[in-house]
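> Right, I'll just put the structure down here and ask away after.
The values are calculated or read from the model by the stated rules, or taken from the named source; none is laboratory data. All of these numbers come straight from a predicted model, not from anything done at the bench. Cβ coordinates were reconstructed from backbone atoms using ideal geometry, including for glycine residues, and neighbour counts include every protein chain displayed.
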């Protein structure tokens with residue numbers, strides 16, 4: 001869909017003029033929504049680099065969501081530094097396992113970790129990679145419990161595959177924009193967060 005820079009109406013990708021106001025459709029700046037001249041390197045309105053624009057596209061991806069069973073109840077009355085001390089090795093290990101299989105850590109939300117497979121690079125075996133990571137996470141949590149006496153973590157993991165709208169482009173890396181916007185695979189896996 002192409003958004004009209006004048007009135008904000010969504011138009012089909014192949015439209016040359018807005019169906020609502022008749023304005024000529026061109027590219028718009030992802031930062032300020034100003035129309036971009038053809039072949040512009042920078043937005044004339046706000047100065048944002050056009051190559052750094054965030055673009056959206058529909059992708060087939062796999063989402064993994066993991067959280068610690070009973071964590072919220074145990075953390076409610078705990079000292080924040082103690083909670084952080086429990087979470088740090090957990091987050092570190094999960095990130096290692098996810099990145100080992102070319103997954104991307106999308107969000108860390110307290111004890112919840114959401115990862116995506118298929119963004120930014122898609123592999124034909126992304127669902128299998130996510131399941132392998134889920135199994136590795138189970139083993140990693142067991143190892144953490146052995147390494148850190150009294151840690152006592154038990155993790156729950158969900159994996160789902162489907163279509164989602166994702167942000168792409170260099171600005172995703174540069175600005176920390178969320179990679180995944182929406183999609184059934186995200187919602188049903190438990191990665192709503194926010």
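> Quick one: is residue 77 outside any helix (DSSP H, G or I), in the same structural domain as residue 166 (by TED's automatic domain parsing), out of contact with any strand residue (DSSP E or B) (no Cβ under 8 Å at 6 or more places or on another chain) and over 18 Å from residue 156 (Cβ atoms)?
Judged against the criteria, residue 77 is a match.
> If you take the residues in region 1-17 that are surrounded by 14 or more Cβ atoms within 10 Å (Cβ to Cβ) and modelled with pLDDT of 75 or more, which one is nearest to residue 58 (Cα to Cα)?
Only one residue tops the list, namely 11.
> Identify, please: which residue in region 133-163 is in a strand (DSSP E or B) and under 19 Å from the mean Cα position of the chain (by Cα) and is, among those, farthest from residue 71 (Cα to Cα)?
163
> Looking only at region 109-128, filter to residues that are in contact with a helix residue (DSSP H, G or I) (Cβ under 6 Å, 6 or more places away or on another chain) and within 19 Å of residue 84 (Cβ to Cβ); which one of those is surrounded by the most Cβ atoms within 10 Å (Cβ to Cβ)?
113
Residue by residue, here is whether (1) touching a residue at least 60 places away in the same chain (Cβ under 8 Å); (2) within 30 Å of residue 3 (Cα to Cα) holds:
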| site | (1), (2) |
| --- | --- |
| 62 | yes, yes |
| 90 | yes, no |
| 99 | no, no |
| 157 | yes, no |
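> Further, regarding this structure: For region 101-132, give me the residue count where each residue is more than 15 Å from residue 155 (Cα to Cα) and either assigned to a loop (DSSP other than H, G, I, E, B) or not assigned by TED's automatic domain parsing to the domain that holds residue 84 (or both).
Total satisfying the criteria: 11.
> Let me ask something else about it. Could you check residue 98 against (1) buried (at least 18 other Cβ atoms within 10 Å of the Cβ); (2) closer than 17 Å to residue 154 by Cβ and say which number it fails?
Among (1) buried (at least 18 other Cβ atoms within 10 Å of the Cβ); (2) closer than 17 Å to residue 154 by Cβ, residue 98 violates only (2).
> How many of the residues making up region 18-49 are at pLDDT 80 or above and not in a loop (DSSP other than H, G, I, E, B)?
Going through region 18-49 one residue at a time, the tally reaches 1.
> Would you confirm whether or not region 77-88 contains a residue that is within 30 Å of residue 9 (Cβ to Cβ) and touching a helix residue (DSSP H, G or I) at 6+ places or on another chain (Cβ under 9 Å)?
Scanning region 77-88, I find no residue that is within 30 Å of residue 9 (Cβ to Cβ) and touching a helix residue (DSSP H, G or I) at 6+ places or on another chain (Cβ under 9 Å), so the answer is no.
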